[in-house]
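In what follows, a single structure is set out as structure tokens and then discussed.
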Amino acid sequence: MKSTAPPSSTYRGVTPSHVVHCPSPRSLTAIRNTSVDLAIWPRVAEDAVRNVVDALEGASLPHERFNVDANSACRETTALLHRVIPAAISGRRHFVEDVCALIALFGQVTGSRYHHIRLETVTNDMCRKFHADAGTIRLLSTYRGPGTEWRPANAAPNDPTATRCLSRFHVGLFKGNAASHRPPTIAHRSPPLTGSGMVRLLLTVDAVQP
């Protein structure tokens, strides 16, 4: 049977409460509101960014985890990605600048001064269960492959219509358990990939203590 991806969180279905769709990166500050648990910016990446990610073989995609101070995040991220992505790859500069821009955006929206960054290649069923993170706010953006799936935390487990997904390159800011006095109303997971042959490249940014 051919599998069907969950509907786009941006264009189809009724938006659950506690979820906002943001027309610009600046409006992602909505995540600061106590009534918002997920803020989505449905951005469209430049063709150069899309092309460089698509050009890399699965084994050549970045798979990195590192901590950075917000003041030096772009410099350190650029240096690391220049080490792992060959200079001969056309559009490398555009991809690196795009990643740096999202890291900077996270700092601007959350006020975080120290970040834990993951730019990881995913080929398995990592984090296949719907959950809320332990931290305060997490940025997720998929550069390649299917996007992060999300649903109301109180949705019935056997209700497939409750599941949505972030489209490729969309940015989602998800509140975690440490963000407020109540549990988050939105849960998320990585889409199952085992046996599909698909590869994801996922950017995750969290606030951490230095």
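The values are calculated or read from the model by the stated rules, or taken from the named source; none is laboratory data. As the structure is a computational prediction, the values presented were derived from the model and not from experiment. FYI the Cβ positions are ideal-geometry reconstructions off the backbone, even for glycines, and counts take in every protein chain you see.
Can you confirm whether region 85-94 contains a residue that is within 22 Å of Pro16 (Cβ to Cβ) and either outside any helix (DSSP H, G or I) or in contact (Cβ under 8 Å) with a residue 40 or more places away in the chain (or both)? No, region 85-94 contains no residue that is within 22 Å of Pro16 (Cβ to Cβ) and either outside any helix (DSSP H, G or I) or in contact (Cβ under 8 Å) with a residue 40 or more places away in the chain (or both).
Per-residue answers, yes or no, for (1) under 19 Å from Thr110 (Cα atoms); (2) crowded, with 19+ Cβ neighbours inside 10 Å; (3) in contact with a Cys (Cβ under 9 Å, 6 or more places away or on another chain):
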residue: Ala132; (1), (2), (3): yes, yes, no
residue: Leu139; (1), (2), (3): yes, yes, no
residue: Tyr143; (1), (2), (3): no, yes, no
residue: Pro152; (1), (2), (3): no, yes, no
residue: Ala156; (1), (2), (3): no, no, no
residue: His170; (1), (2), (3): yes, yes, no
residue: Asn177; (1), (2), (3): yes, no, no
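Evaluating Cys22 against the criteria (1) touching a residue at least 24 places away in the same chain (Cβ under 8 Å); (2) farther than 30 Å from Gly197 by Cβ; (3) crowded, with 17+ Cβ neighbours inside 10 Å leaves one unmet condition, (1). Residues considered: Ala87, Ala70. Of these, the only one that is out of contact with any strand residue (DSSP E or B) (no Cβ under 8 Å at 6 or more places or on another chain) and among the aliphatic types (A, V, I, L, M) is Ala87.
Once region 51-70 is narrowed to residues that are in a helix (DSSP H, G or I) and in contact with a helix residue (DSSP H, G or I) (Cβ under 9 Å, 6 or more places away or on another chain), the residue that is farthest from Arg164 (Cα to Cα) is Ala70. Every condition in (1) within 21 Å of Glu46 (Cα to Cα); (2) surrounded by fewer than 15 Cβ atoms within 10 Å (Cβ to Cβ) is met by Cys74 except one, and the failing one is (2). If only one of Leu166, Leu140 is touching a Pro at 6+ places or on another chain (Cβ under 9 Å) and modelled with pLDDT of 95 or more, which one is it? Of the residues listed, the single one that is touching a Pro at 6+ places or on another chain (Cβ under 9 Å) and modelled with pLDDT of 95 or more is Leu166. Only residues that are of a type in the set (D, E, K, R), within 18 Å of Arg182 (Cα to Cα) and outside any loop (DSSP other than H, G, I, E, B): list them for region 14-49, please. Matches in region 14-49: Arg32 only. Would you confirm, using the coordinates I've provided, whether Asn67 is within 17 Å of Leu203 (Cα to Cα), in contact with a Leu (Cβ under 9 Å, 6 or more places away or on another chain) and surrounded by fewer than 20 Cβ atoms within 10 Å (Cβ to Cβ)? When the stated conditions are applied, Asn67 does not pass them. Contact map, region 104-127: first residue within 15 Å of Leu203 (Cβ to Cβ), second residue at pLDDT below 95 and charged (D, E, K, R), Cβ cut-off under 8 Å, separation 6 or more or different chains; pairs are Thr121/Arg200; Val122/Arg200.
One residue stands out among those in region 185-201 that are surrounded by fewer than 20 Cβ atoms within 10 Å (Cβ to Cβ) and not β-branched (Val, Ile, Thr): the one that is nearest to Ala156 (Cα to Cα), which is Arg189.
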